[in-house]
Amino acid sequence: VLDRLIGDQVELRRHVDVRFMSDTEPNAFAFPGDVILVNSALLSKAESADEFAGVLAHEIEHLRRRHSMESLIRVSLAVAIFNLALGD
């Protein structure tokens, strides 16, 4: 499924790492470092491979657009500003 979704995006093909964890809440997350974490409940609730592929496609787009990295940078800047303004 992952190969089909990534296609010829060479930079993602080399780096995307899909990991699975046991959890009762169906969800998936994209993390910096091109890691996608999929909860086991999502796998059990998916009614087809295409439905699961849709979730993976959504997470791959987050990786491609570097949304998680942008969020980390924004939070880091906000913390730095608060530390400068208020002290440690």
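Observations, loosely collected:
- Length gained on full extension, SER22 to LEU86: 19.0 nm, using 0.36 nm per residue less the C-alpha separation.
- Spin-label pair ALA49/HIS15, simplified geometry with 7 Å Cα→Cβ offset, distance in nm: 2.8 nm
- Each residue, PHE29 and ALA78, gets one label point 7 Å from its Cα in the Cβ direction; the gap between the two is 1.6 nm.
- Of the trypsin sites (Lys or Arg not before Pro) in the range 24-88, those whose Cβ has at most 15 other Cβ within 10 Å and which sit in DSSP loop: ARG66
Computed from the coordinates by the stated procedures, all read-outs in this text should not be read as laboratory data. Here the structure is a predicted model, which is why all the values come from computation and not from measurement. As a convention, Cβ positions derive from the backbone with ideal geometry for all residues, glycine included, and neighbour counts pool all protein chains shown.
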